[in-house]
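Input: a single structure, listed below in structure tokens.
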Amino acid sequence: MQTTLEKTLARELQELRDTGQYKQYNELQRPQAPRTRMDGHDIVMLSSNNYLGLADHPKVLAAARDAIEKFGMGTASVRFICGTMTCHLELERKICAFIGCEAATTFISCWDANVGVMPTLASTPEDAIFTDALNHASIIDAIRLSKAKRFIYKHRDLAELARMLDSPEGKAARNKLVVTDGVFSMEGDVADLPALKELANKHDAVLIVDESHATGVLGKTGRGTAEHFGVQDVSTVQTSTMGKALGGSCGGYVAASKVVCDYLVQKSRPQLFSNALPPAVCYGSMAAIDVLMQEPQRLEKLRQNVRHFRAGVKELGLKTIEGITPICPVIVGETATAIQMQKALLAEGVFVSGFGYPVVPKGEARLRCQISAGHEKTDLDFALAALRKVAEKFPQARGH
Ligand SMILES: Cc1ncc(COP(=O)(O)O)c(C=O)c1O
């Protein structure tokens, strides 16, 4: 007999099926790569965060294998009990050297890094968190775990943020955090870091930037949004992931001042109560950072590919959000349309994921195209030809 809970869940699942919003896994049958195999089709991958094409790089794989030989599978412990290995300390030193920060501390994911930062640095009702409405779900959930007052400003609306910081409640707050994605994951647009930093400084607030889609992507040498704008600063707290450009495995980190990192090590619950990163992830991610530093041509190739693809999308007359990042959304309106277009594109040999509400606002469902340095121009032209063919059947995707 079904319990009441199971009946409720089954009804909701049926609603998802009836409205074409039910998600099903696609099976990747080879490594994550710009050309790979999915559900029995050879495909061009246009929906992965593997921005530098390092997920199957021989040096990254060799470093991971070596780590297993030297340190085994994992720590069987959290960091502060007996889970800190040489590989964690080496990785944190490498992150510091790469980002140019005073200190870094790692988490099992960037989700955990965000959950480790927000409720820990703003823990009481006297504190305040100011957050962009389109920040990533991990930031939203992290803020839900904090007891601080919440101020949600419209996406990239810094005039509204300024008013909130200037409000009597904003002014009276003790610890103030201004939180933003560096590159917004569904829009592909970039936070105005210089203006955010100026506002944060003026109001004695700490700026926290989630660099998950910017690390290894933005800036002359791939160090992220701060490098892109030339506003590197020790008091800014960065969170980021190794699960995207830096090899695509998993793992997150916080890069910040010594005092902030020290405090997080003492108090942040995801690090205190969850196992440390596996050695293969630590050394694989370090190798990915090395490849990024040794092969700057990868970044150049990524940028050429982004320009080429974005120009192609514009030429097709598809509705997109213009920008400079490898996240190039094609807005199609309804969730069901995005899912149908995803299926049609897969039949053409291109995988691109459709996203709908609640991941993006209602009526703004989209195909999120993501470009990699590993794509060849021929891959991108193949994908654009498939998009052209599929868009003919879905006029909703046409911008003008
Ligand atoms: C902006 C942003 N922050 C955090 C995360 C979570 O990263 P991780 O997979 O390391 O938990 C993601 C992943 O999608 C993201 O896009």
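Here, each number is a calculation from the coordinates, and none is a lab measurement. Please read these numbers as outputs of a predicted model, since none were measured by experiment. Positions of Cβ are generated from backbone atoms using ideal geometry, with glycine treated the same way; all protein chains shown enter the neighbour counts.
Worth pointing out:
- For the chain, the longest piece that avoids every one of the chymotrypsin sites (Phe, Trp or Tyr not before Pro) found in DSSP loops with at most 15 other C-beta atoms within 10 Å covers 26-272.
- Three-way shape label, the range 1-124, alpha-carbon gyration tensor, a/c 1.5: oblate
- Taking the chain as a Gaussian network of alpha-carbon nodes connected by springs under 10 Å, the highest mean-square fluctuation of the residues N275, N49, N26 belongs to N26.
- Loop-located GluC sites (Glu not before Pro) in the range 1-39, at most 12 other Cβ atoms within 10 Å (DSSP): E27
- Under 23 Å, Cα to Cα: Lys pairs in the range 92-178, sequence gap 8 or more or different chains: 6
- Highest average packing first - 31-40, 372-381, Cβ atoms within 10 Å: 372-381, 31-40
- Proximal lysines relative to K389, as straight alpha-carbon distance under 19 Å, when same-chain residues fewer than 8 apart are discounted: K314, K319, K343, K377
- Checking every one of the trypsin sites (Lys or Arg not before Pro) in the range 185-237 against DSSP loop status and a limit of 12 other Cβ atoms within 10 Å picks out K220.
- Prolate/oblate/rounded label for the range 58-294 (Cα gyration tensor, a/c 1.5): prolate
- Rule-of-thumb Rg ratio for the chain [Cα; 2.2 N^0.38 Å; N residues]: 1.00
- Percent of beta bridges antiparallel (DSSP, the chain, rounded to nearest 5): 60 percent
- Per residue of the chain, the DSSP helices (runs of n ≥ 4 H) give a summed -39500 (n - 2.57) that works out to -13000 deg cm²/dmol at 222 nm.
- Span-like helix ranges in the chain, DSSP H, alpha carbon extent 18 angstrom or more, Kyte mean at least 1.0: 279-294
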